[in-house]
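> Sharing a structure below in structure tokens format, with a few things to ask.
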Amino acid sequence: MQARIVSAARGARWLAEGWGVFRAAPLGWLSLVFVYLFGTQLIALIPIVGVVVALLAVPGLTVGMMGAARAASSGGVLRVAMLFDAFRGGARQQLVLGAVYLACSMLIFAAMSLADGDGTLRAALSGRGTPTDLEAADWIAACAALALLYAPVMMMFWFAPVLVAWHSAGPGKALFYSFFACLLNWRAFLAYGAVTLLIMIAVPLAALSLPLLLLGAERAQMAPLVLPILILMLPTLFASFYVSYRDVFGAEQ
């Protein structure tokens with residue numbers, strides 16, 4: 001299990017190659033994403049226990065999405081059952097990863113709660129308040145703090161689930177290798193993040209702005225177009241995760 005160091009230019013192409021993997025089997029991808037989103041949101045609706053179960057399942061479901069990308073990139077047929085492949089043979093180890101992910105998420109939530117003493121940010125994010133209750137500087141500071149706290153967690157879990165499932169690594173070893181693989185490839189990930197952020201902002205903005213310019217439609221009438229666009233972008237993101245794995249770790253053993 002040897003991590004390669006790839007160039008920033010490769011990282012900048014991960015999203016585009018992810019789009020190519022999505023285009024290879026668009027209907028299969030949309031089915032998987034629908035089941036993933038609907039299932040996790042449905043589970044999360046269960047009071048207290050639902051959120052815990054959803055977070056525990058994240059690593060295993062990630063393996064399913066990566067497996068789908070592997071199949072699509074080699075011309076295979078995507079099936080919804082692929083989403084649960086990790087729970088058939090290595091459920092215990094994936095649940096161990098899920099427990100670590102849950103613990104990290106709770107620590108981040110606790111840290112953000114301490115920083116948000118009056119609860120204004122939590123109210124705005126949960127829908128009980130409005131974004132206008134917060135100054136722009138508060139939003140920027142909150143997003144920066146969340147990104148800073150979540151970055152090490154993301155680095156640990158970027159490759160860990162597939163290193164456990166496909167390389168027979170233990171959870172601890174997988175988390176260690178994933179973190180340092182991301183750290184060694186910081187240039188590639190920085191380029192990938194910049195391209196992804198640009199696309200995630202530019203595409204929905206264009207979907208809203210072009211009809212306004214061409215048809216004179218109201219912005220509120222165009223807002224429903226954003227959700228389908230985001231749904232199309234999700235499988236591209238999942239596929240790009242596999243492309244990054246393929247570049248850094250190569251074919252699984």
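> Put a dot 7 Å past each Cα toward the Cβ at R187 and L232; how far apart are the dots in nm?
It works out to 3.4 nm between the two label points.
> Whole-Hz Karplus ³J(HN,Hα) for region 23-35, in order, using 6.51 cos²θ - 1.76 cosθ + 1.60 and θ = phi - 60°, x for Gly and Pro?
5, 5, 8, x, 5, x, 4, 5, 5, 4, 5, 4, 5
> Where does each of T62, T236 land when they are ordered by accessible area, with a 1.4 Å probe and the largest first?
T62, T236
> What is the local net charge at F189, summed over the other residues whose Cβ is closer than 14 Å to its Cβ (Lys, Arg +1; Asp, Glu -1)?
Spelling it out: positives minus negatives among the neighbours equals +3.
> A further question on this structure: With a 1.4 Å probe and all protein chains kept in place, how do I48, I43, I229, I5 rank by accessible area, largest first?
So the residues, ranked largest to smallest area, are I48, I5, I43, I229.
> Report the full-extension gain for the segment F38 to M154: residue separation times 0.36 nm, less the Cα-Cα distance, to one decimal in nm.
Extra length from F38 to M154 when fully extended: 39.5 nm.
> What do you reckon, how do V51, V21, V195 stack up by accessible area (1.4 Å probe), largest on top?
Ranked list, largest accessible area first: V51, V195, V21.
The values are calculated or read from the model by the stated rules, or taken from the named source; none is laboratory data. Model, not experiment: these values are computed from the prediction. Virtual Cβ from ideal backbone geometry, glycine too; neighbours counted across all protein chains shown. SASA here: full protein model, heavy atoms, side chains in, ligands and nucleic acids out. Shrake-Rupley method; radii C 1.70, N 1.55, O 1.52, S 1.80 Å.
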